[in-house]
Amino acid sequence: MSVYLVKGRGWKVDFILRKKRYTNGYFKTKAEAKRAEAARREEILNPENAQINQTIPTDMDFLALVNRRLDHVKAYNSARHYEEYVYVASRWVNRWGHLNCSQIDQSMIEEFVLERSKVSAFTANKEIRYLKATFNFGLKKKLVSHNPVNGLDFLPVEKKQKYVPPPQDIEKLIAVAKPDVQDYLWVVRDTMGRISENNNLTWDDVDLEARTITLYTRKKKGGHRTPRVIPMTERLYEILSRRHRDRDDSKPWVFWHRYWSHKKGGWVEGPYKSRHNLLRKLCKRAGVRPFGFHALRHAGASLLDQQRIPLGTIQKILGHENRTTTEIYLHSLDGSEREAMAAFERASRVGVPGSHPNPHPNRSGRPDLKIVGG
């Protein structure tokens, strides 16, 4: 049966043609489903007929679209990005998983986004970005015919200066950690790498002879796993040399742990996946203002900027695709800004007693002239 009723959803098209399966749905009536099936068969048998291709609406289950997008993200992006996508997508599926993509309109998206804005504007905007990317993926793959998120504006957010911990606070925090954790934090600190990059660091990525570390990221355009080489500091060389000497040859990772896996139902050995709670506990123990792993990248970039390291070099070390991304990481004031404010102060003090060599300068900046005679 090529057309059948799914209770609570509608009529679905499901047929096999030329040893390939095609599905489409859901439709309100059986007649609509029959017409869609006939149009789809004609499109497959006569793809050169552009007029038919233009009149056939492209559609699919929203749940199917989300799963296709998740498969794509898992294959082309980082594990962390995939985890974030699964987290937000679960909410969409609970809300619209029973619908066809064509049944989701902008008003439904807007209502959902406004609900999420009660958490924060940042949270709502994240939903907009991810939903827009999901429907755009469907458009690109010709799975859907429209993107209901297009035209939906981002909510205004209150941007704040990100806190960058000073070097002394970072050292205080590392000092109260256990020795193995200290090694881990110093590597994160001195490579200025993303936490996922350091978690997946293997001994094949460490060249003690050349004193370099190779970090890999999928945050490049196209999702390609891209390497970048970071020179070791003396501290990194000492730490990694010691760990290499004392390593377990059966473990390829520089940092690994043994943990219980509910999915596998047993103990598993592998690299760190998440250490979200680690810094929060250490900050409290060290008595410093709380900060996260990403703040270590910002702190390192700011220190390099203060030392007048060229922006392009900082960009390479951080592994940024775009120069503007690197600029966001730089929280120090450069010399030109300080010189500008000093000049402003000098100019603003004109006319203040004792601040100008001419107590009563005229508009030209010269002393007033006394006119003698008629």
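Quick note: the coordinates plus some simple rules give every number you see, no bench work behind them. Predicted, not measured: the structure shown is a model, and the values here were computed from it. With ideal geometry, Cβ positions are generated from the backbone for all residues, glycine too; neighbour counts draw on all protein chains shown.
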So what J values fall out for segment 193-199 if you push phi through Karplus, 6.51 cos²θ - 1.76 cosθ + 1.60 with θ = phi - 60°, rounded to Hz, Gly and Pro as x? x, 5, 4, 5, 5, 6, 4
Picking from ARG91, ARG194, ARG349, which is most flexible by a Gaussian network model of the chain using Cα springs under 10 Å? ARG349
Dipole moment magnitude, nearest 20 debye, the chain about Cα centre, only Lys, Arg, Asp, Glu C-beta charged: 840
Between THR202 and residues 5 or more places away or on another chain, the pairs with built amide H atoms under 5 Å apart involve VAL254
So in the chain, what percent of DSSP beta bridges are antiparallel if you round to the nearest 5? 100
Would you be so kind as to identify which of TYR130, SER78, HIS98 lies farthest towards the positive end of the dipole of segment 62-140, taking Lys and Arg as +1 and Asp and Glu as -1 on Cβ and the Cα centre as origin? SER78
Which whole-Hz ³J(HN,Hα) couplings does segment 256-270 yield from phi under the Karplus relation 6.51 cos²θ - 1.76 cosθ + 1.60, θ = phi - 60°, glycine and proline marked x? 8, 8, 10, 9, 8, 9, 5, 5, 8, x, x, 7, 10, 10, x
R0 = 30 Å: FRET efficiency of GLU43 with GLN106, Cβ-based, nearest 0.05? 0.60
Between segment 107-157 and segment 248-277, the alpha-carbon center distance in angstrom: 36
PHE27 long-range amide H proximity, modeled H, under 5 Å: TRP11, LYS12
Long-range amide H partners of MET232 with built H, under 5 Å: THR212, ILE213
Kirkwood-based Rg over Rh for the chain (C-alpha set), two decimals? 1.15
Candidates PRO179, PRO290, PRO156; GNM for the chain (alpha-carbon contacts under 10 Å) flags as most fluctuating PRO156
In the chain, which whole DSSP H runs stretch at least 24 Å along their own axis (Cα) and average -1.0 or higher on the Kyte-Doolittle scale? 79-96, 121-140
If you put +1 on each Lys and Arg Cβ and -1 on each Asp and Glu Cβ, how big is the dipole of segment 1-135 around its Cα centre, in Debye rounded to 20? 400
About its Cα centre, how strong a charge dipole does segment 3-51 have in debye, to the nearest 20, once Lys and Arg get +1 and Asp and Glu get -1 at the Cβ? 320
Of SER241, ALA301, SER261, which is farthest towards the positive pole of the chain's charge dipole, taken about the Cα centre with +1 and -1 on the beta-carbons of Lys, Arg and Asp, Glu respectively? SER261
How much length, in nm to one decimal, is gained on full extension between HIS276 and LEU303, taken as 0.36 nm per residue of separation minus their Cα-Cα distance? 7.3 nm
